[in-house]
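Written below as structure tokens is the structure these notes are about.
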Amino acid sequence: MFEHYRQSYDQDGLTAQSGTLIPSLLQKLNSITYYSAPPPKSLGTEWLEAKFNTIISSFSTSHPKDILHTVTNHISQQIATTLNSLAIKKVMITGGGTYNTFLIESIKRDFKGEVLLPSKELIEFKEAVIFAFLGALHLTNSINTIPSVTGANKAVIGGVKHLP
């Protein structure tokens with residue numbers, strides 16, 4: 001969005017919604033081997049740069065709104081595929097993506113279960129609450145990073161305490 005439209009995000013997903021699907025891009029994104037790897041796994045900026053953005057860059061001659069449309073559909077399909085494969089009946093979506101109406105409608109289209117959206121307060125403050133909880137675990141010398149969730153080699157007490 002910033003590179004092509006000088007906006008930090010796609011308000012309500014309107015730009016993506018106005019685009020059209022690029023089937024070959026969708027196929028390439030959906031065939032990324034990460035999606036078929038067993039958990040635990042997590043995505044980082046390095047992975048996005050090396051794998052995801054490389055594929056998107058190869059479609060630089062396509063219209064940006066078509067790329068956004070296709071990427072949004074890809075994200076929706078990957079979320080729905082995972083939830084559907086686990087026979088999830090309800091899911092609560094949080095984070096900034098909840099404000100992307102096109103993304104949420106796409107997930108609702110692809111997911112067989114019910115999509116729940118929480119209050120604005122939970123959406124806005126979820127990450128702060130999670131990090132406060134991780135900090136509390138650190139202060140009580142309790143493990144807060146486990147391999148079954150993050151793919152780390154061992155369970156650890158993450159974080160550093162700094163005193164003034």
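Key figures
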{"quantity": "Check on residue 12, surrounded by 13 or more Cβ atoms within 10 Å (Cβ to Cβ) and under 18 Å from residue 108 (Cα atoms)", "calculated": "yes"}
{"quantity": "Members of the range 18-65 that are touching a residue at least 40 places away in the same chain (Cβ under 8 Å), touching a Phe, Trp or Tyr at 6+ places or on another chain (Cβ under 8 Å) and assigned to a loop (DSSP other than H, G, I, E, B)", "calculated": "22, 41"}
{"quantity": "Residue identified as in the same structural domain as residue 79 (by TED's automatic domain parsing), at positive phi and either at pLDDT 95 or above or among the polar types (S, T, N, Q) (or both) among 13, 19", "calculated": "13"}
{"quantity": "Selection count where residues are without any contact (Cβ under 8 Å) to a residue 24 or more places away in the chain, exposed (fewer than 14 other Cβ atoms within 10 Å of the Cβ) and in a loop (DSSP other than H, G, I, E, B), scope the range 107-164", "calculated": "13"}
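A quick yes/no check of all residues on (1) touching a Ser or Thr at 6+ places or on another chain (Cβ under 8 Å); (2) more than 21 Å from residue 41 (Cβ to Cβ); (3) at pLDDT below 90:
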residue: 122; (1), (2), (3): yes, yes, yes
residue: 125; (1), (2), (3): no, yes, yes
residue: 129; (1), (2), (3): no, yes, yes
residue: 135; (1), (2), (3): no, yes, no
residue: 150; (1), (2), (3): yes, no, yes
residue: 157; (1), (2), (3): yes, yes, no
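The values are calculated or read from the model by the stated rules, or taken from the named source; none is laboratory data. Note that the coordinates shown come from a computational prediction; the quantities given were computed from them, not determined experimentally. As a convention, Cβ positions derive from the backbone with ideal geometry for all residues, glycine included, and neighbour counts pool all protein chains shown.
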